[in-house]
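Rule-based calculations on the coordinates, nothing more; no lab input. As the structure is a prediction and not an experimental result, all values here were calculated from the model. Note: ideal-geometry Cβ built from the backbone for every residue, glycine included; neighbour counts use all protein chains shown.
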Amino acid sequence: MAKLQRGEGEGGDLEKLRKGIAESYDESTGAWEELFGEYIHRGFYDTPSAAPGAAPLTAQDHRRAQLRMIDEALAFAGVSEDPEKKPKKILDVGCGIGGDTLCLAKKYGAQCIGINLSPVQVKRAQELAQAEGLADKVSFEVADALNQPFPDGQFDLVWSLESGEHMPDKEKFFSEMARVAAPGATIILVTWCHRDLSPDEESLRPDEMKLLNKISDAHLLPAWCSAADYASFAKSLKLEDIRRADWSENVAPFWSAAVQSGMTWRGIISLLKSGWKTIKTALAVSLLIEGYNKKVIKYNIITCRKPK
Amino acid sequence: MRLLTHNMLSSNIRGVVNGFPLGIEAEKVVEREVELSAEFLRGVFPKIEWGALVAGARALGHPDLLPGEADASMLASDDFLRRFHRALLQLHVEEGALVCPETGRRFPINKGIPNMLLHEDEV
């Protein structure tokens with residue numbers, strides 16, 4: 001297994017990284033919510049996404065695609081809607097402002113918890129839950145995905161949609177999700193990974209590492225691994241029914257949404273109001289696009305089940 | 001933070017063997033009415049650690065709200081459902097702390113949000 005780790009590692013950097021991530025989202029969450037609504041993740045689109053001459057995608061299309069992403073992930077993992085078998089207790093790891101958490105609560109009538117490093121986002125999530133009349137079913141805490149404040153085996157569904165990128169220790173992150181999953185529970189992880197290595201490769205090529213390092217600096221993404229790495233963590237944790245897919249093509253149209261929104265007056269003003277960190281992140285989207293186009297970065301789904 | 005949430009949280013400090021349930025220091029408690037759903041209560045009852053809920057209600061200033069022990073047959077009683085509902089969902093700790101039962105370490109609750117982040121030396 002080859003992992004690309006950032007230069008810094010243990011020690012005081014953990015608090016620095018957590019603080020950096022929390023502050024970054026504290027600062028930018030307003031802008032992101034204004035631009036994209038409550039789902040802080042990509043949309044899922046059919047491929048090929050548009051026939052020549054087709055109308056460009058609207059904000060409505062992108063929002064629909066974001067909701068579709070949730071449904072596609074649940075379907076991929078085979079989560080049941082049967083009243084007996086559906087999840088009753090759900091954990092959203094890296095829950096943003098609770099978009100997915102609320103969606104899952106509504107979908108399954110389940111009790112849901114979201115954890116997040118950003119106090120501003122947690123507060124916002126609680127407000128949204130209150131506004132949607134779901135405050136009794138859904139709660140949010142400031143907590144660390146790498147050290148989750150739950151006893152073992154709590155949740156029927158453990159969900160992480162585009163938060164895995166921020167985890168400095170992918171194996172610990174994955175093993176915590178497995179720990180808090182109940183027997184028979186489903187784990188769903190949708191995240192950016194670097195490409196799988198071929199059997200004769202020990203690491204990515206130097207030019208690929210260089211690009212990833214640039215991206216990591218800009219976006220507070222402290223480490224990368226491949227989808228194959230996640231699958232092998234799952235295997236070593238004796239998890240079952242391990243499935244994975246490359247959805248890079250299915251999220252490609254979201255880039256244009258990001259760029260489009262950023263380029264509107266509303267978008268620019270939002271970004272300017274948020275501060276320099278947010279602006280830097282926005283500018284660095286082009287790096288992500290580069291990584292995606294060069295097939296260094298992949299958008300993957302990895303799901304599995306905890307044995308009964 | 002409601003007691004429903006408290007019932008799911010534990011201390012995960014390195015070396016702690018049993019971090020559940022967390023103690024509660026309640027500095028500001030508010031009660032907010034929310035509609036009672038018997039179906040929800042019956043569904044969630046089997047997953048509730050009753051002892052922790054009773055201790056929580058006591059810590060929040062309601063020592064007599066719940067019976068010391070409970071079993072599923074009590075869910076047929078409207079009175080029991082109302083008490084269960086009130087303890088689980090209506091009482092909120094706005095300010096205070098959760099306390100690790102083994103180390104005494106406090107996890108602050110501000111504006112109703114518990115902060116469960118560990119320090120470097122606790123992981």
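Using just its DSSP H runs of length 4 or more, each adding -39500 (n - 2.57), chain A gives a mean residue ellipticity at 222 nm of -14500 deg cm²/dmol after division by all residues. Ellipticity at 222 nm from helices only: DSSP H runs of n ≥ 4 in chain B, each -39500 (n - 2.57), divided by the residue count, give -6000 deg cm²/dmol.
For chain A, the relative contact order comes to 23 percent (Cα pairs under 8 Å, sequence separation of at least 6). Amide H contacts of residue B:29: B:94, each under 5 Å away and 5 or more positions distant or on a separate chain (H built 1.01 Å from N in the peptide plane; Pro and chain starts excluded). Rounded to the nearest whole Hz, the Karplus-based 3J(HN,Hα) values (6.51 cos²θ - 1.76 cosθ + 1.60, θ = phi - 60°) of segment A:289-299 follow the sequence 4, 4, x, 5, 5, 7, 6, 7, 9, 10, 9, with x at glycine and proline.
Label positions at residue B:17 and residue A:273, each projected 7 Å from the Cα along the C-beta direction, are separated by 5.4 nm. Remark: for residue pairs A:106/A:214; A:170/B:28; A:19/A:172, the C-alpha separation exceeds 28 Å in A:106/A:214; A:170/B:28. Once you reduce segment A:89-121 and segment B:52-123 to the center of their Cα atoms, the two points are 20 Å from each other. Under a 5 Å amide H cut-off, with hydrogens placed 1.01 Å from N, residue B:110 pairs with B:115 among residues at least 5 apart or on other chains. Beta bridges assigned by DSSP with both partners in segment A:33-176 are antiparallel in approximately 5 percent of cases.
Each residue of segment B:43-53 is assigned a 3J(HN,Hα), and the resulting list reads x, 8, 3, x, 8, 8, 7, 5, x, 5, 5 Hz, derived from the Karplus form 6.51 cos²θ - 1.76 cosθ + 1.60 (θ = phi - 60°), x at Gly and Pro. Short-range pairs are left out: with C-alpha atoms under 8 Å and at least six residues apart, the relative contact order of segment A:100-185 is 27 percent. Phi angles across segment A:105-115 convert, under the Karplus curve 6.51 cos²θ - 1.76 cosθ + 1.60 with θ = phi - 60°, into 3J(HN,Hα) values of 4, 5, 5, 10, x, 9, 7, 10, 10, x, 10 Hz, Gly and Pro given as x. For residue A:209 and residue B:123, the FRET efficiency from 1/(1 + (r/R0)^6), where r spans their Cβ atoms and R0 equals 41 Å, is about 0.90.
DSSP assigns beta bridges within the protein assembly as shown; of those with both partners inside it, close to 60 percent run antiparallel. Take every Cα pair under 8 Å whose residues are at least 6 apart in sequence, average their separation, divide by the length of segment A:45-197, and the relative contact order is 21 percent.
Per-residue mean of foreign Cβ neighbours for A:147-160 is 4 (Cβ atoms of other chains, 10 Å radius). Close amide H contacts of residue A:140 (hydrogens built in the peptide plane, cut-off under 5 Å, sequence separation of 5 or more or a different chain): A:114.
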